[in-house]
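To start, the structure under review is shown below, and the notes come after it.
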Amino acid sequence: MPLLTEALEEALCSIEKTLARIEQAEDVEARLNDVQSHILSVLWLVERNPGIEAAADDLYRAAAACVKDKASVGSRHRRIMNDASVRFRERLKAWIDLMKVSHMDPNQAHDPHGKGWLSASGHNR
């Protein structure tokens, strides 16, 4: 599995584990910070994409709503958080698929000069 795909999958697994801990009401405020950290890691790894950013924002807001109502993470909150997680994962998969279709290896998309990710057209964002 390519390095970028592995890093993204690792971050997504960490997000899922952290969301499960929020659902179980385990140290929820610290877990919310963990969710934010993992999301930022993912966003740093991929090219800027409004769909991914919106899905990331939705996921964070859903997790924050669960934390705010930490007395009881009801089934409605759980469903919303799980739906947001699925959307985030689907957006990332679509981005990886787009990189493959455009013949750009997502692992080679990073600008070696450290100026950020290159777009599919080869220009810095």
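The values are calculated or read from the model by the stated rules, or taken from the named source; none is laboratory data. Just so you know, these numbers come straight off a predicted model, no measurement behind them. Cβ: placed from backbone, ideal geometry, glycine included. Neighbour counts: every protein chain shown.
Would a scan of region 8-16 turn up a residue that is touching a Leu at 6+ places or on another chain (Cβ under 8 Å) and not hydrophobic (A, V, I, L, M, F, W, C)?
No, there is no match, as no residue in region 8-16 is touching a Leu at 6+ places or on another chain (Cβ under 8 Å) and not hydrophobic (A, V, I, L, M, F, W, C).
For residues that are at pLDDT 90 or above and touching a Ser or Thr at 6+ places or on another chain (Cβ under 7 Å), scanning just region 16-60, find the one that is surrounded by the most Cβ atoms within 10 Å (Cβ to Cβ).
L59
Pairs needed: first member in region 91-106, basic (K, R); second member anywhere, modelled with pLDDT of 90 or more; C-beta distance under 6 Å; at least 6 residues apart or different chains.
What qualifies is R91/G51; R91/I52; R91/A55.
Mind checking whether some residue in region 109-124 is modelled with pLDDT under 85, in a helix (DSSP H, G or I) and of a type in the set (A, V, I, L, M, F, W, C)?
Checked against the condition, which is being modelled with pLDDT under 85, in a helix (DSSP H, G or I) and of a type in the set (A, V, I, L, M, F, W, C), region 109-124 yields no hits at all.
For residues that are among the aliphatic types (A, V, I, L, M), over 29 Å from P2 (Cα atoms) and part of a helix (DSSP H, G or I), scanning just region 61-95, find the one that is modelled with the lowest pLDDT.
So the residue we want is V67.
Surrounded by fewer than 18 Cβ atoms within 10 Å (Cβ to Cβ) and not in a helix (DSSP H, G or I), is that true of E10?
no
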